[in-house]
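Report on the following structure.
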Amino acid sequence: MDEAVADIFGYHALQLGVPELEGLRANRMPHQWLALEDVQNHGGRVMGAGAALLCDFSALPFSANSMDLVVLPHTLELSANPHATLREVERVLVPEGRVVICGLNPISLWGLRQQRGHLYRRFGRGNLFLPNCGEFIAYWRLQDWLRLLGFEVELGQFGCYRPAVTSDKWLQRFEWMDRVGPRWWPILGAAYFLVAVKRVRGIRLLGPAWKTVPVRAGKVVSVASRTRDF
């Protein structure tokens, strides 16, 4: 996240949700905002910021074309209406503005363990590996949503190829999977990350008129006329 936002320039940046992940800390925009839907879920305090906006993500209190950067750290999968949230992000972003999104991949070892946990819970057995507070959105599905809204994906990456284990010992044993995963099963990482640009078709930036076309003076033309004597 730090590498992605460090070189994105502008004046206004916004992060939606999950204040524990300080997505804008490496960005240098002078005006940065943090918006939350429910402060109580974070113990009434906001990490890395003195205050936050409390608002509905499907109705952000910003005018259209006012933000240069919007960061969504697991925001869509925790949102009750991810489509409306993404549409609102498109509204507040300026043309050529960027949105940075990270999420959990349902088509991964972590996703499979979470699905198994849901199945076992129906029979009153087992626990979930990840929090039960949202729906995982597949990477390709998210790409389709972005295209429909006029975004163009600039960067997409996967990570976390180790299986869903909680023991440090087993995490170390499966460390090799993070090294070979990007090559052998690149789209099966447990987490994904993408950067998309808002494209507005038909808009052309007009530069200054460096050259002016001189106005040509009319050329004097002599007109011969014949007069008739009466």
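Bear in mind that the values in this text are calculations on the coordinates, not laboratory data. Treat the numbers as computed from the prediction; the structure is a model and nothing was measured. Cβ atoms come from the backbone with ideal geometry, glycine included; neighbour counts cover every protein chain shown.
Tell me which trypsin sites (Lys or Arg not before Pro) from region 110-195 have a DSSP coil assignment and no more than 13 other beta carbons within 10 Å of their own.
Values: sites: 113, 116, 121, 122, 125, 141, 147, 169, 173, 179, 183; in loops: 125.
Answer in residue order: 125.
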With the charge dipole of region 92-166 built from beta-carbon charges (+1 for Lys and Arg, -1 for Asp and Glu) about the Cα centre, the Cα from 103, 151, 119 projecting farthest to the positive end belongs to 119
Expressed in nanometres to one decimal, the distance between label points 7 Å along Cα→Cβ at residue 112 and residue 178 is 2.0 nm
Cα shape, region 89-198, gyration tensor, a/c 1.5 rule: oblate
In region 69-155, the chymotrypsin sites (Phe, Trp or Tyr not before Pro) that sit in a DSSP loop and have at most 12 other Cβ atoms within 10 Å of their own Cβ are 123
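Which net charge results for the neighbourhood of residue 107, defined as the other residues with beta-carbon distances under 13 angstrom from its beta-carbon, given Lys and Arg at +1 and Asp and Glu at -1?
Taking every other residue near residue 107 into account, the sum is +2.
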